[in-house]
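Written out below as structure tokens is the structure these notes cover.
Derivation of every value follows stated rules applied to the coordinates shown; laboratory data play no part. Computed from a predicted structure; not experimentally measured. Cβ placement follows ideal geometry from the backbone for every residue including glycine, while neighbour counts extend to all protein chains displayed.
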Amino acid sequence: MDRRRYLRAAAVAAMAAAASGIARGPLAWGQPSVRLLWQADAALKVFPVLLALRLGFFHAEGVAVAAGPWDARTQPPAPAPGAGTVRVLAGDFDTVLRQHARGQAEQAFLALARTPLLGLAERHIPDAVDAAPLAWPNARIGILASHALPPRIVALALQRQGLTARAGQLVALADTAQIEAALQDGRLDAVCIDDPLLTRLQRRGAIRVVIDTRQWSESQRLIGGAMVGACLSVATSQVATHGAELQATARAVQRALRWLQTASPLDLADHADLAGLAGDATAFLAVFAHMRESYSPDGAVGEPMVLNTLRVWQALPFGAGDDRLAPTRLYTPRFVATADAPGAPWARG
């Protein structure tokens, strides 16, 4: 067996060990236990978490993990009072907001993505001659009904052009197949969508992206800085009682974030299946090329980042978000060491 195949086999074995909760290597503070649930419809957003499982980074940090997908359309399991296991969620930041709305305080403790990871694109007809510019005030803009962030990004994009989004111009569809069909037959003039559909339509020439928040510089221009696009979060009630487990979890995912900053296409291609693109490494690499800048370089979450995120969520002129939540209730910075801080995982080797 060559070295790459051996390392791959070892990584898969480590992932299986972590998922079954039998990782070895206890640290001085004992054997932690984490129940890690990732958002099932956001594989690309939580990709660093899935990668950390596969590459054995949780095992390396001495944390035993029981991991699995979670349907974000349902309420996440509540942490059991007094349980020895800490429940960690990986997914969109709006999970934190929804939990607060339910009266169940939740805090983000590590940023996975620092942009919205969305593109606003107009329909493109490749062979059209003298096509008129899209009239955005009257454009029918397709979004996925299950995604809450696209309407906010549409509102901000139109505001940048001096326009106001109208509630009726957003067309919420059930799945990506419906969006593709509506775009093809002209029922939609534009879309606000994420990957992998966004890249697939780009490669086909079916759309022209006008605002691409997968790109760090474009996202900054639109929203004014970093936001929490995706994160790890924990019930506030478990922050004080499970500090060691959360610290180890953060270090494991930071390792994956750092790995992604420098990984070559050859390194990445082996993990296309984690993004739901098994058997199509070319498509995965095309998607990742657009998204690489969006992943957080170190996982850090701070108050300016959370404030900016809240501003984005409150962007809708026809139904703003809850502006009563203080940022300090929505995040904790205590578990993430930044790249220049002592104890950062990549500084330890």
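Each other residue within a Cβ distance under 10 Å of Pro48 adds +1 if Lys or Arg and -1 if Asp or Glu, for a net charge of +3.
Here r is the Cβ-Cβ distance between Gln184 and Arg334 and R0 is 56 Å; the resulting FRET efficiency, rounded to 0.05, is 0.70. Annotation: for a label point projected 7 angstrom from Cα along Cα→Cβ of Ala66, residues of the range 35-50 with backbone N closer than 18 Å are 35-39.
For Val171, nonlocal amide neighbours, meaning residues 5 or more places apart or on other chains whose placed amide H falls under 5 Å from its own, are Ile141, Gly142, Ile143.
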